[in-house]
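Report on the following structure.
Computed from the coordinates by the stated procedures, all read-outs in this text should not be read as laboratory data. What you see is a predicted model, and the numbers here were worked out from it, not measured in a lab. Note: ideal-geometry Cβ built from the backbone for every residue, glycine included; neighbour counts use all protein chains shown.
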Amino acid sequence: MRPYVIGGSCDRVRQAVESAMIEGVLALPAPLSAHAERCPHCSREVREVESLLRRLRSLPASLDLGPVPGVVDRVLQATATAVQVADGDPGAAHPLTGVGAPTAEGAPPTPGGAPAAAGRRRPPQWRWVLGQLIGVAAALVIAAGGLTLLGLRIHQAVTDASPGSVVEQWMAPLRSWTEALFQRTR
């Protein structure tokens, strides 16, 4: 964890790095430069910014890093159209998003400007609560099964009886009851 003190040397180095990203020049005073050489966090940040600034300076001056002119024109045109639509037809769809303005009835907007169906609502919270309860119940069942298996293994280690024979003794009444119940279904 990096020790961080507001107004400390690390903070002043961070502020110098941020201003270097805006101005394009990283110039640290001697005390901050000495701190950056000693502090592993600050030295890493200073090295990264110096490397970035060096790479940016090495790019050819003829390289245009601005947006593509066609994109700017389309955004300006869509924005102007959106303002005209908002002033004109309140039910019309927005040209960029395709979502209409809110209707007078208070129904939320939908794509194409049509009001939302009255029967569509957010699912009730009880479904979320039920899902959480099912998850907790499943975790409890798994934990109970694991503890039972652990208990059987400990019982086997202490009494030298295999868990299979212990389970067989527990399951014998259930097996005979099940066979009696389904005897006439064959």
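Here are the numbers for the structure shown:
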item: Peptide ranges 51-60, 11-20 listed from the most packed, as the mean C-beta count within 10 angstrom indicates; result: 11-20, 51-60
item: Using a Förster distance of 30 Å, the FRET efficiency for R184-T148 (Cβ separation, nearest 0.05); result: 0.35
item: FRET efficiency for R14 and A61, using Cβ-Cβ distance with R0 set to 25 Å, rounded to 0.05; result: 0.25
item: Calculated FRET efficiency for the pair Q132/L52, C-beta based, R₀ 30 Å, to 0.05; result: 0.05
